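First the structure, in the form of structure tokens, and then the observations on it.
Each reported figure results from applying straightforward, stated rules to the coordinates on display, with no laboratory input. Values in this document were obtained by computation on a predicted structure and should not be read as measured data. Heads up, the Cβs are rebuilt from the backbone with ideal geometry, glycines too, and the neighbour counts pull from every protein chain shown.
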Amino acid sequence: MTLSVKPAGDAAGLQLVDLSTSSVRELNAALHALGPDTNQTLWKVAHPNGRHAIAAGLDAAIDIEIDGPVGYYCAGMNKHGRVVINGNAGVGVGENMMSGFIHVKGDASQSAGATAHGGLLVIDGNASARCGISMKGIDIVVKGSVGHLSAFMGQAGSLVVLGDAGEALGDSLYEAKLFVRGKVAGLGADCIEKEIRDEHKALLASKLDAAGILGEVDIGEFRRYGSARTLYHFHVDNVSSY
Amino acid sequence: MCGIVGLFIKDPKLEPQLGALLAEMLDVMCDRGPDSAGFAVYGSGKDGTVKLTLRGPAGTDFAAIGAALGHEVAPRDTHAVLTVPAAAEADVRTALKSRFPAIDVISTGARMELYKEVGLPADVAKRFKLETMSGTHAIGHTRMATESAVTTDGAHPFSTGADQCLVHNGSLSNHAGLRRRLEREGLHLATENDSEVAAAYLTYRMREGDTLGEALEHSLGDLDGFYTFVVGTESGFGVLRDPIACKPAVMAETDQYVAFGSEYRALAGLPGIENARVFEPEPAKVYFWDRAA
């Protein structure tokens, strides 16, 4: 192992990795080698410079703080880890996350949280196109706006957007729950606005709470969108088409 | 896949570093397009003259060609820039065609020079000594070929008008029909490449009176397929992504420059990047910076 990890003096278990001297492969190999009972629970990554796949494939309940912008698939497939990115994230941040927490303190590019099964992804800025595409249980909270085709074919989980949503929101949606506070440029096929009842307000409040912003925004300003359920149910009238 | 980089300098103090900065950006994008590379640099120009970028077989004695034609020539590897009085351009082209048939004129313009070759982009940049070039703006491309063969002719940028060039990441689906239409309008296309059709389309629109910004707006209706374009003119620099935003793009702006990269990695070495406004250009939205404005 050529990884130069510097244990810091002031905090036991703090690991510092500088990606200007270590490779992403070395960092990820070190992270993958951690067992469930590791005491190396706090990691800081310097000089990410937009490199791809940083901290992808985590499977340990550790905290990682990445100091700068990251490239594609940062913290993809994350399980249990808590990852904070002090900068923008490239395509597919948190793709296929299973559990844990990812906090992007800047903007996220396309396909943030794509196909993810669980955990919480919080984006302080905007997310571009296809945010939460094919989401399968993840909760995503975007404090800015999301681009076109967000939550496309979303199956489960929730997408909460404090700003606006682009064209074709929730196209071909299954059962993911969508809440948007701002304007929606257009709804995709089979996505409709739905009544927001008390149980939905409670659900929304729980997601805002998890993201640490409960009380900062008025829940009454959100509108709820979901599936009309006409696309994914079998219709006997169409039997000859199958 | 392909990689695109572009740099538009606002602060004249940075102009001597244009080539060095672009070379570093191009180097980082090698793994998006290792087949071939090219770049266009908008450098100095003299009133009343045009710069013809020539390309010849390896070992071409460009100095002899310049001497034979009686014009100033600046060779760089397989390319050379021939500076001629604007009024003499047509005669020089005729003379080149008859006396030096192995030489191609790949671009013309008051300030633009264009270089492209097959090979790893980092090596291509070194062969042409990109790092020594200065200027106001430049665009570059690293190619992973999809729609046509890996040849020098198929490398980007494409130039179909004076001081105009285009680089493209994506592929167009209606290029054959559009090519026929443009050829009827009198445009000359040198290759079978779909990206050259996009370049020629913009040249055509600007010939009909469009600004670069207007030409890019029109291309949203007339070009079908997926694309991220970066386009250069003598004074400007434009960016357009298709409405689906198939291909990646990220931009950074400071008081000193506007920069474009297919990925943030390409911008990570620019001066002051940590305080730049970094943003993803929106789909179907024309972005345009002009020195005259």
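Details
- Inter-label distance for B:K129 and B:S235, nm, one decimal - labels placed 7 Å from Cα along Cα-to-Cβ: 3.2
- Each residue of region B:171-177 is assigned a 3J(HN,Hα), and the resulting list reads 8, 9, 9, 10, 6, 5, x Hz, derived from the Karplus form 6.51 cos²θ - 1.76 cosθ + 1.60 (θ = phi - 60°), x at Gly and Pro.
- The residues neighbouring B:E282, those whose beta-carbon lies less than 13 Å from its own, together hold a net charge of -3 under the Lys/Arg +1, Asp/Glu -1 convention.
- Shielding value for A:165-175 is 1, the average number of Cβ atoms from other chains within 10 Å of each residue's Cβ.
- Residues with amide H under 5 Å from that of A:L16, placed H, sequence gap 5 or more: A:K6, A:A8, A:K44
- 3J(HN,Hα) from dihedral phi, region B:250-264, Karplus parametrisation 6.51/-1.76/1.60, rounded to Hz, x for glycine, proline: 9, 10, 9, 10, 10, 5, 9, 6, 10, 10, 10, x, 5, 9, 4
- Estimated FRET transfer efficiency when R0 is 30 angstrom, pair B:A20-B:T49 (beta carbons, to 0.05): 0.70
- Charge-dipole axis of the protein assembly as shown as Lys and Arg at +1 and Asp and Glu at -1 on Cβ define it, positive-most pick from B:L166, A:V122, A:G92: B:L166
- Database remark: amide H of A:L187 closer than 5 angstrom to the amide H of A:A168, A:L169 (H placed geometrically; neighbours at sequence offset of 5 or more, or on other chains; Pro and chain starts carry no H).
- Highest mean packing comes first when the peptides B:123-133, B:18-28 are listed by Cβ atoms within 10 Å, giving B:18-28, B:123-133.
- Cα point-scatterer Debye curve for the protein assembly as shown, base-10 log of I(q)/I(0) at q = 0.09, 0.11, 0.13 Å⁻¹: -0.72, -0.98, -1.22
- Dipole check for chain A: with +1 at the C-beta of Lys and Arg, -1 at the C-beta of Asp and Glu, and the Cα centre as origin, the magnitude is about 160 Debye.
- Applying a DSSP loop filter and a limit of 16 other Cβ atoms within 10 Å to the GluC sites (Glu not before Pro) in region B:206-242 leaves B:E208.
- Taking every residue in B:242-249 and counting other chain Cβ atoms within 10 Å of its Cβ, the average works out to 3.
- Debye-sum result for region A:1-133 in log10 I(q)/I(0), which assumes one identical scatterer on each alpha carbon, at q = 0.13 Å⁻¹: -0.46
- Grouping the Cα pair distances of region B:33-138 into 10 Å bins from zero gives a pair-distance distribution of 15, 49, 31, 6 percent in increasing distance order.
- Translational diffusion of region B:208-260, µm² s⁻¹ [Kirkwood Rh, Cα pairs; Stokes-Einstein; 10 °C; 1.306 mPa s]: 128
- Each Lys or Arg adds one and each Asp or Glu takes one away; over the other residues whose Cβ falls under 11 Å from the Cβ of A:A112, this sums to -1.
- Rg followed by Dmax, in Å, when region A:49-228 is reduced to its Cα trace: 14.6, 45
- For A:I62, net neighbour charge (Lys/Arg +1, Asp/Glu -1) across residues whose Cβ lies under 15 Å away: -1
- Under-5 Å amide H pairs with A:K194, H placed in peptide plane, nonlocal only: A:R224, A:Y225, A:G226
- Sorting the segments A:161-168, A:114-121 by their residues' average number of neighbouring beta-carbon atoms within 10 angstrom, most packed first, yields A:114-121, A:161-168.
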